[in-house]
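Take a look at the structure below.
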Amino acid sequence: MGLPLHILRNPSLISSYFSASKSGSWASVLLKAVGVLSRDSRWHADLLSVLTEEMQSLNKQLNSWTGNNPLLDRITEPYKRSDTQFFHPLLVLLMSRASRVEGDTSQQMFQRYKQLSRVTELIHAANLIHINIREDQSTEELKLATLVGDYLLGKASVDLSHLESNAVTELMASAIANLVEGHFMKAGSSPADMQANERMLLLQSAFLPAKACLSASILNNASAHINKACFTYGRFLGLSMHVAHEDLPEKMDLKMKKLEVLNDYQKKAKDALTVFPDVEAKQALIEIADRVSIA
């Protein structure tokens, strides 16, 4: 699960991995961001590799508990095949660097970044498992998918308590609640449903990256305007990714409208970063927003 460990441990291999990646330009920009973090501080690259190993260990644990039940692979497949796997931890680490205005970071702070990164990935994984539960699944599969998703959220909650930050705990706990509320909602087609649809989109796709980015900034004790910029960037990046993953309409005018919306979200995400210091992590965040595209 996750980015290849030999890439994480040896960022000099990143460029050679670009051409071999099946995910094309999206994988390239993410791997480039890993290189930025590695050059900035060895701790960032180490955190990604440790996080990858921990998720692999968690998968082995689940297999052990279920007696290597083949249903587990089917349940976790949406997460394993997602092109956003390990995207949120990378976003947290980039934002933790970009929002740090000055001063070196201690090993203790990097451990807090790691815990926040793990929390975001566990929430993301649980969400993908839960939203892919279908009515046509067997009772055993439904039960297992629910248990696995709930277990991952439980692990995330334990990690949150270790951060020793009431503000971050409240933020990320509310992000979990946002996802659940968002998936209870149903999209409407009438003009009267527009406001509800916009809220559903925020709940399902925008608040997790927004609150993860804001949490990284809060851990840095950043200023209020930096905190606002972090939240704004994450919000519009999440909206951009949602639009990019929606099915493309058949009518040309609707296609053009969708592209306009995507471009507007991307611009707002990048504009939010203008208050940040000019560091490589900031440029990596800009490139990530730029690279979101309609499949």
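The values are calculated or read from the model by the stated rules, or taken from the named source; none is laboratory data. It should be emphasised that the depicted structure is a prediction, and the values quoted were computed from it without experimental measurement. Here the Cβ positions follow ideal geometry from the backbone for every residue, glycine too, while neighbour counts run over all protein chains shown. In case anyone asks, the SASA skips ligands and DNA or RNA and just uses the protein heavy atoms, side chains included. Shrake-Rupley method; radii C 1.70, N 1.55, O 1.52, S 1.80 Å.
Restricting ALA175, ALA196, ALA187 to those that are closer than 20 Å to ALA272 by Cβ and either under 14 Å from the mean Cα position of the chain (by Cα) or modelled with pLDDT under 95 (or both) reduces the list to ALA175. Under the condition of being among the hydroxyl-bearing types (Ser, Thr, Tyr) and within 12 Å of ALA229 (Cα to Cα), the residues counted in the range 257-293 number 1.
Looking at ARG118, is it over 18 Å from SER57 (Cβ atoms), of a type in the set (Lys, Arg) and crowded, with 20+ Cβ neighbours inside 10 Å? Full working, then the answer.
Numbers: over 18 Å from SER57 (Cβ atoms): no; of a type in the set (Lys, Arg): yes; crowded, with 20+ Cβ neighbours inside 10 Å: yes.
When the stated conditions are applied, ARG118 does not pass them.
Table: residues versus (1) touching a residue at least 12 places away in the same chain (Cβ under 8 Å); (2) assigned to a helix (DSSP H, G or I); (3) closer than 18 Å to LEU239 by Cβ.
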| residue | (1), (2), (3) |
| --- | --- |
| GLN115 | yes, yes, no |
| LYS143 | no, yes, no |
| LEU153 | yes, yes, no |
| GLU170 | no, yes, no |
| LEU208 | yes, yes, yes |
| CYS213 | yes, yes, yes |
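One residue alone among LYS257, LYS270, LYS251 is open to solvent by 40 Å² or more (accessible area, probe 1.4 Å) and at pLDDT 95 or above, and that residue is LYS270. Across the range 152-161, not a single residue is classified as buried (at least 18 other Cβ atoms within 10 Å of the Cβ), modelled with pLDDT under 95 and touching a His at 6+ places or on another chain (Cβ under 6 Å).
Would you say TYR113 is among the aromatic types (Phe, Trp, Tyr) and touching a Ser or Thr at 6+ places or on another chain (Cβ under 8 Å)? Spelling it out, TYR113 is indeed among the aromatic types (Phe, Trp, Tyr) and touching a Ser or Thr at 6+ places or on another chain (Cβ under 8 Å).
Would the range 106-115 turn up any residue that is open to solvent by less than 20 Å² (accessible area, probe 1.4 Å) and either modelled with pLDDT under 90 or not polar (S, T, N, Q) (or both)? The answer is yes, given that some residue of the range 106-115 is open to solvent by less than 20 Å² (accessible area, probe 1.4 Å) and either modelled with pLDDT under 90 or not polar (S, T, N, Q) (or both).
Considering each residue of the range 166-191, count those that are among the small types (Gly, Ala, Ser), open to solvent by less than 30 Å² (accessible area, probe 1.4 Å), under 20 Å from LYS114 (Cα atoms) and out of contact with any Lys or Arg (no Cβ under 8 Å at 6 or more places or on another chain), and give that number. First the steps, then the outcome.
Here is the first cut: in the range 166-191, the residues among the small types (Gly, Ala, Ser) are 167, 173-175, 177, 182, 187-190.
Filter once more, so that each one left must be open to solvent by less than 30 Å² (accessible area, probe 1.4 Å): 175, 182, 188.
Adding the requirement that they be under 20 Å from LYS114 (Cα atoms) leaves 175.
If we keep only those that are out of contact with any Lys or Arg (no Cβ under 8 Å at 6 or more places or on another chain) as well, we get none.
Qualifying residue count, the range 166-191: 0.
The set of residues in the range 92-136 being within 25 Å of SER174 (Cβ to Cβ) and charged (D, E, K, R) consists of ARG97, ARG100, ARG112, LYS114, ARG118, GLU121.
Does at least one position in the range 130-138 carry a residue that is among the hydrophobic types (A, V, I, L, M, F, W, C) and open to solvent by 10 Å² or more (accessible area, probe 1.4 Å)? Yes, the range 130-138 contains a residue that is among the hydrophobic types (A, V, I, L, M, F, W, C) and open to solvent by 10 Å² or more (accessible area, probe 1.4 Å).
Could you name every one of the helices (runs of 4 or more DSSP H) located completely within the range 1-100 that has at least 1 residues being among the hydroxyl-bearing types (Ser, Thr, Tyr), open to solvent by 20 Å² or more (accessible area, probe 1.4 Å) and at pLDDT below 70? Step through it out loud before you land on a result.
Working: elements: 5-9, 14-20, 25-40, 42-65, 70-80, 87-98.
So the answer is 14-20.
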